[in-house]
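Engineer: Right, I'll just put the structure down here and ask away after.
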Amino acid sequence: MKVAVFFLLLLPVCWAKPFHQKGLFEFMLEDEGSADLPPTDSPDIYLPGAVCPFRCQCHLRVVQCSDLGLEKVPRDLPSDTTLLDLQNNKITEIKEGDFKNLKDLHVVYLHNNKIASVGPSDFCPPGYNTKKASYSGVSLFSNPVQYWEIQPSTFRCVYERSAVQLGNYK
């Protein structure tokens with residue numbers, strides 16, 4: 001009788017399928033109560049804050065992309081970025097939409113690039129609420145941009161005008 005009960009208890013274990021983990025961190029999703037998220041092998045998955053540009057380092061809302069030889073501002077920056085470090089690259093221009101989705105961006109490091117001009121909509125797009133804008137600094141020194149060619153409204157979203165650094169181009 002004991003043997004029969006033992007085999008009856010062992011029978012469901014024999015029907016169990018082996019465990020196959022699909023994503024590297026799939027086990028973490030279960031603990032965070034994210035059962036409503038699509039499976040990790042889904043092509044449309046987007047986890048907020050999980051995107052970091054190729055070769056850049058992202059940690060605690062800081063995106064560090066310095067010294068990479070970049071020729072333009074990376075796309076798909078995490079939307080919660082507060083500090084963006086793009087110094088010592090080969091960036092030639094800032095385009096109007098480069099910082100568009102970065103609502104919390106504050107100490108932008110662009111020094112030692114090849115930026116020859118900046119436009120009035122590069123840091124603060126038209127219609128942007130400048131009362132909520134709070135760049136605490138924009139560093140553009142060691143770029144070929146001529147400060148006398150910059151429109152006064154270019155840095156209207158900078159919290160303090162003294163926080164804009166220009167000049168010292170070799």
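Engineer: Just name the residue that is least open to solvent (accessible area, probe 1.4 Å) out of those in region 131-146 that are out of contact with any Cys (no Cβ under 7 Å at 6 or more places or on another chain) and modelled with pLDDT under 85.
Structural biologist: Residue satisfying both the conditions and the ranking: Ser134.
Residue-by-condition table, conditions (1) modelled with pLDDT under 90; (2) open to solvent by less than 50 Å² (accessible area, probe 1.4 Å); (3) in contact with a His (Cβ under 7 Å, 6 or more places away or on another chain); (4) part of a loop (DSSP other than H, G, I, E, B):
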residue: Asp36; (1), (2), (3), (4): yes, no, no, yes
residue: Ser42; (1), (2), (3), (4): yes, yes, no, yes
residue: Arg55; (1), (2), (3), (4): no, no, no, yes
residue: Ser66; (1), (2), (3), (4): no, yes, no, yes
residue: Lys72; (1), (2), (3), (4): no, no, no, yes
residue: Leu84; (1), (2), (3), (4): no, yes, no, no
residue: Lys114; (1), (2), (3), (4): no, no, no, yes
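The values are calculated or read from the model by the stated rules, or taken from the named source; none is laboratory data. A quick note: this is a predicted structure, and the numbers were derived from the prediction, not measured. Heads up, the Cβs are rebuilt from the backbone with ideal geometry, glycines too, and the neighbour counts pull from every protein chain shown. Note: areas computed on protein heavy atoms with side chains; ligands, DNA, RNA excluded. Shrake-Rupley method; radii C 1.70, N 1.55, O 1.52, S 1.80 Å.
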